[in-house]
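What follows is a short report on a single structure.
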Amino acid sequence: MIHFTDQNFASETLKGLSVIDMYADWCGPCKMMAPIFEEVAVQYEGKVKIGKLNVDESPGVPGKFGVTGIPTVIFLKDGKEVDRLVGFQSKEVLVQKVESLK
């Protein structure tokens, strides 16, 4: 799983499908979703770039994308947003979305 930051975000999401979980350590729903997101990351390792971005440590990217609530999962294709999910998501929903965008 990739640890996205304001510094590496643009270069890491330039090519292919990227799935970014925008979270904070103090966020309850984010903590509940963390193990689910890790399972999805393992499932798509080497096929899709999946990672997390801490909104407190890297506020620039969430600001650029207009993220106002967390967790927010943003789906990018070749650096451009193609979809997003806001709030707690099940593994089934995440997998279904990744499959529809691959």
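Tallying residues that are of a type in the set (Gly, Ala, Ser), open to solvent by less than 30 Å² (accessible area, probe 1.4 Å) and closer than 18 Å to Thr68 by Cβ within region 24-57 yields 1. Of the residues making up region 1-20, those that are open to solvent by 50 Å² or more (accessible area, probe 1.4 Å) and part of a strand (DSSP E or B) number 1. Might you check whether a residue that is under 13 Å from Thr5 (Cα atoms), of a type in the set (Asp, Glu) and in a loop (DSSP other than H, G, I, E, B) occurs anywhere in region 56-64? Looking through region 56-64, at least one residue is under 13 Å from Thr5 (Cα atoms), of a type in the set (Asp, Glu) and in a loop (DSSP other than H, G, I, E, B).
Here region 58-81 is the region considered, the condition is being in contact (Cβ under 8 Å) with a residue 60 or more places away in the chain and in contact with a Leu (Cβ under 6 Å, 6 or more places away or on another chain), and the residue that is most open to solvent (accessible area, probe 1.4 Å) is Lys77. In region 83-96, which residue that is open to solvent by 50 Å² or more (accessible area, probe 1.4 Å) and without any contact (Cβ under 8 Å) to a residue 24 or more places away in the chain is nearest to Ile20 (Cα to Cα)? The residue in question is Arg84.
The values are calculated or read from the model by the stated rules, or taken from the named source; none is laboratory data. All of these numbers come straight from a predicted model, not from anything done at the bench. No Cβ is skipped: glycine too gets one built from the backbone with ideal geometry, and neighbour counts run over all protein chains shown. Just the protein is used for accessible areas: all its heavy atoms, side chains included, with ligands, DNA and RNA removed. Shrake-Rupley method; radii C 1.70, N 1.55, O 1.52, S 1.80 Å.
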